[in-house]
Amino acid sequence: MRVPSTPAPVGDRHPEPRPGLLRRRPRFRRVWLSEIVSLLGDWMSFVAVSLLALGGEGGGVVALALVMVGHHLPNALFAPVAGVLADRLDRRWLLIATSLVQGALTLAMLGAAVLGSVPAVQVLVFVRSSVGALRLPAQSAVLRHVVEEDELLEANAIASATWSVMFAVGMAVGGLIAALGPAAALAVDAASFGLSALFLWGLPPMVAEGRPAEGGPLAALASVRGDMVLAWKHAWDRPPLLDAVLAKTPVHLANGGALLLLNLLATQLAFAGTGALTLGLLQCVRGAGTGVGPLLGVALVRRGLRGELAATGAAWVTFASIAALAATRHWAALLAVVLAWGLGSGANWVLSSSEIQRLSPDRFVGRLSAIDNLALTVGLCAALLGGAVLVERTSAPGAAAWLGLGAGVLAWLGSRWMLRRRAAAGKKALSLQPETERR
């Protein structure tokens, strides 16, 4: 698929809604089905593993934070490698191979959970997520091969809505299953990886445009540092693209503390009967918000709102919701707050991801998606660990959310200041060029 080198900004286009994308694009449909089954199993098992860490032998707030960090941190540690592999190798085979390995590791998690070994589960969650980290940039880059450029926003909205539905369903079902034990949820999760690979099997090769798979994985690994530096420089010189790459980080700093608080509130309040059912319900409602939020954001952009303004609004809806979460203990208010939280964070994710895919050349999109994952995951994990330590020292669950929120707001303000300086420097450099060069 040929991608224009200078596409029009999102806010300057007014595409008409195009229903039937899944029907028109069978390759996109395969990717979509693969994600459905994989996500359903993942979120079912996540509830079980989180509650095992919080209530099992050797468990506690820090143990819960370590499981959550183990689930997310590899996205940061392996992001540079993942981005380079996604831009140098066949993205289809990368997705298939990682799915199969993750399935095998999930079976090992099942054995550790049956034995009640929280440390073993923590290690295996980290290893499985390390393999899964290789998928994320490839998943983002694959969209460029299965839909047209003017369909990217719609494709991302569908992907986000799917994530949200599977998150909601998986969390709700996971809460039910976790009440009986983690083994069933992990068994379903292991099987989901095999089915995911089966759906991807029918896709054609998907090598990055202009970047043949030369030398194989070893050559790609040897080039990680240089390739990542080139991608960062490409974004650094283009403030709108840099804005998209960094847009999720402040939101995920705030999300880290809030996610920890959400698990603690579920076990303390248990208004749905048990901590497992309460956590499943709260996460289900948040998941519904992450599906509706992107649809609202896309609708506003299509009606002429500039993409950066929509993303700004989404970030501040998230911040306000997390502040309310830290101050709320009534069950009905909690449900409303987590819904608004999902609306904001879901819209932020889709709008920024679509901009990265739209503004980046195909040869860079995997690496820039990896930088995006690296920055947001470091922020999320820092807030999780900092919040856990603060809660254990103060015995105040809300402290985790306030810590993450403060860091997120400061990061957002700092990024705005830096982007304005980059834009001003670019204009100054352009004005100093001779008129013949500007032409």
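Details
- Residues in segment 140-157 that are of a type in the set (Val, Ile, Thr), assigned to a helix (DSSP H, G or I) and surrounded by 23 or more Cβ atoms within 10 Å (Cβ to Cβ): Val142 alone.
- Residue within segment 140-149 that is within 14 Å of Val31 (Cβ to Cβ), among the acidic types (Asp, Glu) and touching a residue at least 12 places away in the same chain (Cβ under 8 Å) present: no
- Subset of segment 16-46 [under 30 Å from Phe126 (Cβ atoms), modelled with pLDDT of 85 or more and of a type in the set (Phe, Trp, Tyr)]: Trp32
- When Arg286 is tested against (1) within 30 Å of Gly387 (Cα to Cα); (2) touching a residue at least 40 places away in the same chain (Cβ under 8 Å); (3) surrounded by fewer than 22 Cβ atoms within 10 Å (Cβ to Cβ); (4) of a type outside the set (A, V, I, L, M, F, W, C), only condition (3) is not met.
- Gly304 being at positive phi and either under 19 Å from the mean Cα position of the chain (by Cα) or outside any helix (DSSP H, G or I) (or both): yes
- Flag if Pro205 is at pLDDT 80 or above, surrounded by fewer than 18 Cβ atoms within 10 Å (Cβ to Cβ) and farther than 19 Å from Ile36 by Cβ: yes
- Restricted to segment 237-296, and to residues there that are in a helix (DSSP H, G or I) and of a type in the set (Ser, Thr, Tyr), the residue that is modelled with the highest pLDDT is Thr249.
- In segment 74-88, the condition of being modelled with pLDDT under 80, part of a loop (DSSP other than H, G, I, E, B) and crowded, with 21+ Cβ neighbours inside 10 Å is met by at least one residue.
- Every residue from segment 325-379 that is out of contact with any Asp or Glu (no Cβ under 9 Å at 6 or more places or on another chain), under 19 Å from Ala82 (Cα atoms) and not small (Gly, Ala, Ser): Leu368, Ile371, Asp372, Asn373, Leu374, Leu376, Thr377, Val378
- Residue match in segment 306-329 (condition: touching a His at 6+ places or on another chain (Cβ under 9 Å), at pLDDT below 85 and surrounded by fewer than 22 Cβ atoms within 10 Å (Cβ to Cβ)): no
Yes/no matrix, rows are residues, columns are (1) assigned to a helix (DSSP H, G or I); (2) buried (at least 24 other Cβ atoms within 10 Å of the Cβ); (3) in contact with a helix residue (DSSP H, G or I) (Cβ under 6 Å, 6 or more places away or on another chain):
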{"site": "Ala332", "(1), (2), (3)": "yes, no, no"}
{"site": "Gly344", "(1), (2), (3)": "yes, yes, yes"}
{"site": "Asn348", "(1), (2), (3)": "yes, yes, yes"}
{"site": "Phe364", "(1), (2), (3)": "yes, yes, yes"}
{"site": "Arg367", "(1), (2), (3)": "yes, yes, yes"}
{"site": "Ile371", "(1), (2), (3)": "yes, no, yes"}
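- Boolean, Gly346 is small (Gly, Ala, Ser) and more than 17 Å from Val292 (Cβ to Cβ): no
The values are calculated or read from the model by the stated rules, or taken from the named source; none is laboratory data. Bear in mind the structure is a predicted one, so any value in this text is a computation, not a measurement. So basically every Cβ, Gly included, is an ideal-geometry build from the backbone, and we count neighbours across all protein chains shown.
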